[in-house]
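The structure under discussion appears below in the form of structure tokens.
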Amino acid sequence: MSPSSPSEFVPPVTSLPYSELTIGVVRETYPLERRVAITPQNAALLLKKGFKRVIVEKGAGTEAQFTDQAYEKAGVTLSEGKTVWTESDILLKVRAPSFDGPVSEVDQLREGGTVISFMYPTQNKELVEKLATRGTTSFAMDMIPRISRAQVFDALRLVC
């Protein structure tokens with residue numbers, strides 16, 4: 001059976017200019033994870049591209065040897081973790097947000113927001129379902145192919 005119109009199954013899309021979007025980066029909570037989702041240098045590039053602001057949780061880069069002062073020098077706003085979760089239109093993480101245990105990072109995500117992370121969606125169907133119930137758009141960096149054309153999006157290049 002075919003739909004009566006092609007737009008019948010297309011969800012509404014709201015596009016916003018970069019100048020209205022806030023990028024957020026939180027401290028990784030996965031045990032022994034030392035990486036951070038963005039370097040101060042790349043945060044400065046996002047601001048130069050015109051994003052409204054980049055907010056980083058205080059201490060998020062410490063394990064990766066990026067100081068809070070380096071992020072401040074790049075123009076980043078440092079904040080408490082809860083603020084980063086609730087005020088970010090696009091949240092960057094190395095590891096997928098947690099959804100079980102004492103603190104559910106999925107529940108802290110802004111409803112209708114976007115998260116970019118290593119997700120491994122075929123192995124984490126329950127995570128994908130929980131993100132979907134919150135209206136979250138998610139990008140699984142591990143699903144981006146490692147081919148020449150996609151090299152600028154290569155997960156190993158983007159995550160520090």
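The table below gives the values:
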item	result
Residues that are touching a residue at least 24 places away in the same chain (Cβ under 8 Å) and assigned to a loop (DSSP other than H, G, I, E, B), drawn from the stretch 73-92	A74, G75, V76, S88, D89
Those residues of the stretch 90-137 which are closer than 21 Å to R27 by Cβ and of a type in the set (D, E), in sequence order	D100, E105, D107
The stretch 42-65, residues that are farther than 19 Å from T22 by Cβ and either in a helix (DSSP H, G or I) or in contact (Cβ under 8 Å) with a residue 60 or more places away in the chain (or both)	T62, E63, A64
Some residue of the stretch 94-105 being within 16 Å of E20 (Cβ to Cβ) and modelled with pLDDT of 95 or more	no
Any pair with Cβ under 6 angstrom, 6 or more apart, that starts in the stretch 93-107 at a residue that is over 17 Å from I55 (Cβ atoms) and ends at one that is of a type in the set (F, W, Y) and part of a loop (DSSP other than H, G, I, E, B)	R95/Y30; V106/F99
Enumeration of residues in the stretch 127-153 that are surrounded by fewer than 11 Cβ atoms within 10 Å (Cβ to Cβ), at pLDDT below 70 and among the aliphatic types (A, V, I, L, M)	V152
Residue in the stretch 33-40 that is loosely packed, with under 14 Cβ neighbours inside 10 Å, more than 17 Å from S117 (Cβ to Cβ) and either modelled with pLDDT of 95 or more or not β-branched (V, I, T) (or both) present	no
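The values are calculated or read from the model by the stated rules, or taken from the named source; none is laboratory data. None of these values were measured; they are calculated from a predicted model. All Cβ positions, even for glycine, are placed from backbone atoms using ideal geometry, and neighbour counts span all protein chains on display.
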